[in-house]
Each structure stands twice: as structure tokens, then as C-alpha cells.
Amino acid sequence: MNRIASRVFKTTKILLLLLVVLVVQRANVMSKNEKLTNESLNKTLDLTAMAVKLNEINMADKYYPIDTFTGDLTGYAADCPLCTGYLACTGAYVANGTTSYNDKDYGEVVILASSKNLPCGSIVAFDASYVSSEKVTGIVLDRGVLGNDLDLLVPSEDYALKKIGRHKLTYDVLRRGWDR
């Protein structure tokens, strides 16, 4: 009795498998026929409009966060007691008052120091009304902080103490380092 039930079960499985194969083949034939007999009135492609739309998608994509962190934001100046005036990631001299960087993808961004949690060249964005009324976009070009904290390069230590201070901050990582 068990052998008969086993054979019936195997035969049923084979028949179901054949049925699935036939349904898939029929669906493929139908979709090919539909493509061949497409009678759509809109048969022209506006390549310019497609290029503009693709550019809009790419522009929006570069501001889409790939990660989010919470830490403290403080300010520092290139002339601080333990500072050399040179950025750790690029070696650029900033004791001349430079506080921003022109990134090829993000344009003019502020300079930040981070721990090695964020590779050099990482781009972050955050809201901090005590820094700017608009969203701030910055690039990690220096080191010297711990964990998820960020240090914003400002013109002077006095400015850092009076205008920036220390604040909890949630920031989005838009790019991890220069190599993506």
C-alpha cells in the first residue's frame, strides 16, 4: 500500500512540475507577442527629457544619507594650542583663515575633524541653527576627536567658544571617503 501511495505522490509531483513549465512557457510567448504587437501612440523617445530626469535622480541621490550618527559638535581653530595649522588628511595649510573646501561633487563645504570612524574625504550633512540657518554640508579633512564627534574648523578659538560651544548633533553621512 505504501508503494502505491508513493508512486501516486511522485506522479502527482511530476504532473504539477510539467504544468508549471507549460504555464511559464505560455506566459513568455504571450509577453513576446505583446511586445511585437504594441500599438502605443507614443512611439517617440524624448532623449533630452530622459537625460534631464536621470540627472535629477543622480543629483538627489548624492544627498541621500548612507548612514546616520549622533555625537557632539564642537569648534576648533587652526591656531589652537595643540594644532599645527595643517590638515591631517591633505596636509593643506589652514592657519591662514581657510575654513572651507571646494569638493568636486558637493561644491563649497565646511572643513571638519573626525575620528577614524569616518575616512578622509567623507561628506556629512547636519542641521545646526547656531552654525547656519541652512543645512550644513562638511568634509572630513582633519583628525583629533573621538568616537562619532565632529569638530568644525572656524576662524578663531574665541569664535569656537562663543559661537559653537558643544552641542549634541545627529548628522547624515552622504559619502564615505573619496573612493566610493
Over 23 Å (Cα to Cα) among LYS135/LYS162; LYS104/LYS135; LYS135/LYS168; LYS104/LYS168 -> LYS104/LYS168
Compactness of the range 125-180 - radius of gyration and Dmax, Cα, Å: 12.0, 37
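What's the extension gain from ARG7 to THR170 if we count 0.36 nm per residue and subtract their Cα-Cα distance?
Working: separation 163, 0.36 × 163 = 58.68 nm, distance 6.44 nm.
Working it through step by step, the gained length comes to 52.2 nm.
Under the Kirkwood approximation for Rh and a Cα-based Rg, what ratio Rg/Rh is obtained for the range 84-180? Please report the intermediate quantities before stating the final value.
Details: Rg = 12.5 Å, Rh = 13.5 Å.
On the Cα set of the range 84-180, Rg over Rh gives 0.92.
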Paramagnetic reach from ASN117 in the range 72-88 [backbone N under 11 Å; point 7 Å along Cα→Cβ]: 72-73
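What does the charge add up to near ALA78, with Lys and Arg as +1, Asp and Glu as -1, over the other residues with Cβ less than 10 Å from its Cβ?
On the way: positive: none; negative: ASP79, ASP142, GLU157.
Neighbour charge sum, excluding ALA78 itself: -3.
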Under 8 Å for C-alpha pairs, at least 6 residues apart: give me the relative contact order for the range 119-172, rounded to a whole percent. 41
With both partners inside the range 66-175, how many of the DSSP beta bridges are antiparallel, as a percent to the nearest 5? 75
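Please give the length that would be gained between THR84 and LYS162 if that part of the chain were fully extended, namely 0.36 nm times their separation in residues minus their C-alpha to C-alpha distance (nm, one decimal).
Values: separation 78, 0.36 × 78 = 28.08 nm, distance 2.21 nm.
This chain segment gains 25.9 nm when fully extended.
Each reported figure results from applying straightforward, stated rules to the coordinates on display, with no laboratory input. All of these numbers come straight from a predicted model, not from anything done at the bench. With ideal geometry, Cβ positions are generated from the backbone for all residues, glycine too; neighbour counts draw on all protein chains shown.
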